[in-house]
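The values are calculated or read from the model by the stated rules, or taken from the named source; none is laboratory data. If you're wondering where the values come from, they're calculated on a predicted model, not measured in any experiment. With ideal geometry, Cβ positions are generated from the backbone for all residues, glycine too; neighbour counts draw on all protein chains shown. Each accessible area value is taken on the protein alone, full model and side chains, heavy atoms only, with ligands, DNA and RNA left out. Shrake-Rupley method; radii C 1.70, N 1.55, O 1.52, S 1.80 Å.
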Amino acid sequence: NLKNDKKEGIASSVIMEAQPTTEHERECLVEIIAPKEQIRKFFFERHFDFLTSVPQRRLQEMILSSCMKGNSGKMTDFGESGTVHRTTYGHFLAKGKWDDKRLEKTQKRESFQTVSELSHQHGTPLFVSIDDTVVPKTAPSSKAKRPTQGAGWHYSHLEGKVIYGHQVHAAIVGTEDTSLCYSLKRCCPEHGTKIDMTLDIIRSLPDKTGAYVLMDSWYTNSGVLDACREKGCHLIGAMKTNRILYPEGRRASAADLAASLDPGCFHPVTVKGRAYMVYRYEGPLNKIDHAVVLLSYPASAMGRKTALRVFLCSDTSLADQTILEYYTHRWTIEVMFRSYKRYTGLKGFMVRAAKAIDRLLLVLALAHFFFSCGLGRIVSFHIGLHICRAAFVNF
């Protein structure tokens, strides 16, 4: 009984092992937390209780198991820390009868509402960051009888080459230091192209939130900009340097325009302690009637062609420094990808069925939500993860 009591609760001395990094996070970890009770309460408060008792229990067990040190997303890991055999979790993901579509919709709504309320309370901007990553897998032999479904060859920006695996498309919603996973889905023909998935995410957002949608140059185009405007959102995205602008009515690429400008046309801008030289263009682009485009060089590499970075913003009222500062919030989605691969098994999961993979990604999004918002107060994902991890240490 003593062993079970220690697993269920965390004394304040154990909580401090989570190593909070700020005074606010230290204050958040004072209370004793019983993760199993807390996650049941979380499912009720966040309206996930439409699921019957067995699916709820399986999901709760998988979320808590994902915080275990060494969890690689394999069914063996869930079986070792859960209450049933590993094959039960595999069957639950691949063939279980539970409403994953409604669960996904509820998770999106609750995540967005949580961050939106924080944004409104603190008077801070609301951001939606969109990006994708490649989860590498071993290419199957031509004689393999049961290859993993949905895998293929994709270009990885991290690796700088084409690799075999699954491409995962994601969106996070955030404000200040709080960010939650809004969507985590496998790229596949059934979901359309990455642009189609991006448009679906934007269209699923509540109307007239005034959110800033952040993305890299692969996604920035007129269709995405139009979708943002229809939703009452703003787009801030990187652009390729060959995008066509029309300064003073003449046609020129962003790179050619930057090269033709006198250095005196650029002005210094400091963003998070780093100095940049920026030129502001405001006017039409190909298929875009009006927007702000910033041509930016690091101050130490002024005029160097390979150092040029181009950013588009649909909100013409923003100052140049504000546009660049807002765009830096896109980095949080890169941190989320790295955390999922390192801590919760995104990199090493071993399920073959496409449906099981899609449902496992939904479990990871729910886990992010719980670790950030399900422990009594809103804390960072890493702090919440370490709190739950400390609760299930084998004494």
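What the table shows:
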read-out	value
Filter result (touching a residue at least 24 places away in the same chain (Cβ under 8 Å) and open to solvent by less than 30 Å² (accessible area, probe 1.4 Å)) within region 143-170	I163, G165, H166, Q167, V168, H169, A170
Candidates E117, E23, E45 - the one that is out of contact with any Pro (no Cβ under 7 Å at 6 or more places or on another chain) and at pLDDT below 85	E23
Condition met for K287 (of a type in the set (K, R), closer than 30 Å to G210 by Cβ, touching a residue at least 12 places away in the same chain (Cβ under 8 Å) and surrounded by fewer than 23 Cβ atoms within 10 Å (Cβ to Cβ))	yes
Matching entry among A170, A139, A144 (being touching a strand residue (DSSP E or B) at 6+ places or on another chain (Cβ under 7 Å) and farther than 23 Å from F381 by Cα)	A139
Region 126-150, residues that are touching a helix residue (DSSP H, G or I) at 6+ places or on another chain (Cβ under 9 Å) and not in a strand (DSSP E or B)	L126, T148, Q149, G150
Test for E282: is it within 26 Å of R250 (Cα to Cα) and open to solvent by 40 Å² or more (accessible area, probe 1.4 Å)	yes
Within region 115-125, tally of residues that are exposed (fewer than 12 other Cβ atoms within 10 Å of the Cβ) and in a loop (DSSP other than H, G, I, E, B)	1
Any hit, region 339-362, residues being within 24 Å of C228 (Cα to Cα) and either surrounded by 15 or more Cβ atoms within 10 Å (Cβ to Cβ) or over 27 Å from the mean Cα position of the chain (by Cα) (or both)	no
The one condition in (1) on the phi > 0 side of the Ramachandran plot; (2) in contact (Cβ under 8 Å) with a residue 60 or more places away in the chain that K208 fails to fulfil	(2)
Top-ranked residue in region 35-71 [being part of a loop (DSSP other than H, G, I, E, B) and open to solvent by 30 Å² or more (accessible area, probe 1.4 Å); ranked as nearest to L375 (Cα to Cα)]	R46
Criterion: within 17 Å of H169 (Cα to Cα) and either of a type in the set (D, E, K, R) or touching a residue at least 24 places away in the same chain (Cβ under 8 Å) (or both) - qualifying residue of L245, L235, L225, L184	L184
Residue match in region 73-95 (condition: of a type in the set (K, R) and over 19 Å from R186 (Cβ atoms))	yes
Condition met for T328 (more than 16 Å from M239 (Cβ to Cβ) and free of Cβ contacts under 8 Å to residues at least 24 places away in the same chain)	no
Failed item, numbered, when Y219 is tested on (1) in contact (Cβ under 8 Å) with a residue 40 or more places away in the chain; (2) open to solvent by 30 Å² or more (accessible area, probe 1.4 Å); (3) in a loop (DSSP other than H, G, I, E, B)	(2)
